[in-house]
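Let me begin by presenting the structure, written as structure tokens, before commenting on it.
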Amino acid sequence: MGCQAQAFKPPLPQSEAVVAPTHRGVPLPPPAKNSALWVSLDDHLGAGTLVDRSAPQLTLISAGAAPLQLKDRAGKPLIAAGRLRFSWRRVPLQESLEVARRVAGPFASFESADRIAQRWRATGVKADVAHPAEWEVWAQADAPDLPGVALRDVSERISSVVMPVLEGPTGGRTLQGPLQVEAPNGLRWNGGVLQGPFRLQPDAYGSWTLLEQLPMERYLEGVVPHEIGAGSPAAALQAQAVLARTWALANSHRFALDGYHLCSDTQCQVYSDPRLASQSVRQAIRATAGKVLLWDGQPIHAVYHATNGGISALAQEAWAMEPLPYVRVQADGVDAWGQSISVPLSSDQDVTSLLNGGNGAYGAGHPRFRWSRVYTAGQLAQALASAGHGNALPTSMSVQQRGPSGRVLALEIDRDRGAAPVVLRLDAIRRTLRRLPSTLFVVDRQGPGAWSFRGAGFGHGVGLSQAGAIDLADRGWSAQRILQHYYPGTQLGPFTAPAGTAPAEAP
């Protein structure tokens, strides 16, 4: 019995072995500049579409008499209409794609995920921060283990993709993306009007994103009043404009895996209708045009928050990340307030002493400068269950570790029925116990099955306190002096982003 001879193919050397991609790629966004940002208005569109069922539709409506102009990726006009309605359809691929990845996470924030990505990159591994639902880190399937980091392996064959279907009176038309939408009179969105132009494009998870492409200064008009309040004094508005611009540039890689720069919600900076910006907001943006805060010539990670409760925090008290050299723990107030606080605040007694004071702290008029909350055992169990920790009933709670500003780094919750204790760390504390305005608190049992939290501040406490900046502006401080107070050692000046590489094509 004979057999057909086949040419012998030696195995590829390990360095040349083919490694499956981690996902079905999408083109990278262009480099972020002062003049161009791609901001997500709605994401994960079309997710959940089945062969026989579409995910919820997307409807785009013109804000005026002029119709919306829908164009294909090459700019060729497809249709002009006052309303565009898209459903979703699952379409088979001509050739299926095998993907495989190692996944770390989920993480409570981009900052915590990015630190893990950086650890992998330091070993020569290509690692990307992803946001399929929560923040994760994706690396190639042969990536090495990371000590202390739980990993899971994911592999799948992608044989179909979700595509948008333009609905019309006589049926639907399946379209290839990305799609471009121009709105001569603007697009109605979330109770406001956005100018655009807009893009509808696929992401890394098999769903789609609606983006607005806009210049930086218009983006700031949609951010500054929502972050600090349009009625704030001029110096505070100018400081906020500098920080919002700096943060946008420094974080423009946040959604690179999905082909855009920033989102428009609290995972980034809240962005909405720029037309609502007051004259004072526009003046603050013009007065600081092109200016950012720099450290070693690069835009800083310009985090800010509502109020620090009288003491600022280190970045590593909020997120699992490397220290930022331009933020520090300091009593945030007049000299007398500073003299009343001895850092570090390492015990419940130290924090209680802080909570019992506040006279002379900057921003003490904020409604959450001091606060209290009560959680019952049932409420805690529900919060833990929502975070994937099961539904066992909590029996006790204790602070295991504090940072130098007194903020809680680790909160342990013991539970009944033999369930393992849950230890919430850093940003996972507020991500799980969402009614807590900050992690600067003391916790005490309040009768059977209930715990009271007494705390200070609203937000993570790192960088600029917006309530503090408003207070300082009212005291006559300039924007530059306010910024130096919260980010000592930084320089205020222009920044031009270096040219980036050409967009990568999707496999």
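Filter the range 88-113 for residues that are among the charged types (D, E, K, R) and within 28 Å of Pro164 (Cβ to Cβ); which is surrounded by the fewest Cβ atoms within 10 Å (Cβ to Cβ)? Residue satisfying both the conditions and the ranking: Glu95. Taking the criterion of being more than 21 Å from His44 (Cβ to Cβ) and either crowded, with 18+ Cβ neighbours inside 10 Å or of a type in the set (Lys, Arg) (or both), the residues of the range 153-181 that qualify are Arg157, Arg173.
Could you tell me whether any residue of the range 36-48 is modelled with pLDDT under 90 and among the small types (Gly, Ala, Ser)? Yes. Considering (1) within 25 Å of the chain's Cα centre (by Cα); (2) within 30 Å of Asp474 (Cβ to Cβ); (3) of a type outside the set (Phe, Trp, Tyr), the lone condition that Arg373 does not fulfil carries the number (1). Consider Leu166 carefully, then state whether it is assigned to a strand (DSSP E or B) and touching a residue at least 40 places away in the same chain (Cβ under 8 Å). Yes: the conditions hold for Leu166. In the range 175-191, the residues that are under 13 Å from Ala63 (Cβ atoms) and acidic (Asp, Glu) form Cβ pairs under 8 Å with partners that are at pLDDT 95 or above and assigned to a strand (DSSP E or B), at six or more places apart or across chains, as follows: Glu182/Leu68; Glu182/Gln69; Glu182/Lys71; Glu182/Phe198. Among the residues making up the range 438-497, a single one is in a helix (DSSP H, G or I) and hydroxyl-bearing (Ser, Thr, Tyr): Tyr486.
Checking the condition in the same structural domain as Thr490 (by TED's automatic domain parsing), touching a residue at least 24 places away in the same chain (Cβ under 8 Å) and in contact with a strand residue (DSSP E or B) (Cβ under 7 Å, 6 or more places away or on another chain), which residue from His226, His261 passes? Walk me through it before giving the result.
Details: His226 fails: in contact with a strand residue (DSSP E or B) (Cβ under 7 Å, 6 or more places away or on another chain).
Among His226, His261, only His261 is in the same structural domain as Thr490 (by TED's automatic domain parsing), touching a residue at least 24 places away in the same chain (Cβ under 8 Å) and in contact with a strand residue (DSSP E or B) (Cβ under 7 Å, 6 or more places away or on another chain).
Listed by first and then second residue, the pairs linking a residue in the range 356-375 that is under 16 Å from Gly459 (Cα atoms) and not assigned by TED's automatic domain parsing to the domain that holds Trp477 to a residue that is at pLDDT 95 or above and surrounded by fewer than 17 Cβ atoms within 10 Å (Cβ to Cβ), with Cβ atoms under 6 Å apart and 6 or more places separating them unless they lie on different chains, are Arg373/Arg435.
No other residue among Ser312, Ser353, Ser347 is within 24 Å of the chain's Cα centre (by Cα) and modelled with pLDDT of 95 or more apart from Ser312. Confirm whether Ala80 is touching a residue at least 40 places away in the same chain (Cβ under 8 Å) and of a type in the set (Gly, Ala, Ser). The answer is no for Ala80. Arg415 meets each of the listed conditions (1) under 20 Å from Gly455 (Cβ atoms); (2) more than 23 Å from the chain's Cα centre (by Cα); (3) surrounded by 20 or more Cβ atoms within 10 Å (Cβ to Cβ) apart from (1).
Among the numbered conditions (1) surrounded by fewer than 14 Cβ atoms within 10 Å (Cβ to Cβ); (2) over 27 Å from Val19 (Cβ atoms); (3) touching a Ser or Thr at 6+ places or on another chain (Cβ under 8 Å), tell me where Gly186 comes up short. Result: Gly186 passes all but (1). Count of the range 36-56 residues, restricted to those that are closer than 16 Å to Leu211 by Cα and either small (Gly, Ala, Ser) or over 22 Å from the mean Cα position of the chain (by Cα) (or both), is 3.
Checking the structure you have, find out if any residue of the range 65-78 is surrounded by 15 or more Cβ atoms within 10 Å (Cβ to Cβ), modelled with pLDDT of 90 or more and of a type in the set (Gly, Ala, Ser). No, the range 65-78 contains no residue that is surrounded by 15 or more Cβ atoms within 10 Å (Cβ to Cβ), modelled with pLDDT of 90 or more and of a type in the set (Gly, Ala, Ser).
Determine, yes or no, whether Ala80 is over 27 Å from Arg152 (Cα atoms), in a loop (DSSP other than H, G, I, E, B) and not polar (S, T, N, Q). In short, no. The residue that is surrounded by the fewest Cβ atoms within 10 Å (Cβ to Cβ), counting only those in the range 452-475 that are closer than 13 Å to Tyr362 by Cβ and more than 26 Å from the chain's Cα centre (by Cα), is Arg475.
Scan the range 87-115 for residues that are outside any strand (DSSP E or B), touching a residue at least 60 places away in the same chain (Cβ under 8 Å) and not hydroxyl-bearing (Ser, Thr, Tyr) and the total you get is 5. Only one entry of Arg417, Arg435 meets the criterion of being outside the structural domain of Arg115 (by TED's automatic domain parsing), assigned to a loop (DSSP other than H, G, I, E, B) and at pLDDT 95 or above, and that entry is Arg435. What pairs can you find where one residue is in the range 125-140 and free of Cβ contacts under 8 Å to residues at least 24 places away in the same chain and within 18 Å of Ser252 (Cα to Cα), the other is of a type in the set (Lys, Arg) and not in a loop (DSSP other than H, G, I, E, B), and their Cβ atoms are less than 8 Å apart, with a gap of 6+ or different chains? Filtered contacts from the range 125-140: Ala127/Arg121. For the range 44-64, taking the residues that are in contact (Cβ under 8 Å) with a residue 12 or more places away in the chain and of a type in the set (Gly, Ala, Ser), the one that is surrounded by the most Cβ atoms within 10 Å (Cβ to Cβ) is identified as Gly46.
The values are calculated or read from the model by the stated rules, or taken from the named source; none is laboratory data. Values in this document were obtained by computation on a predicted structure and should not be read as measured data. Positions of Cβ are backbone-derived with ideal geometry, glycine not excepted, and every protein chain shown enters the neighbour counts.
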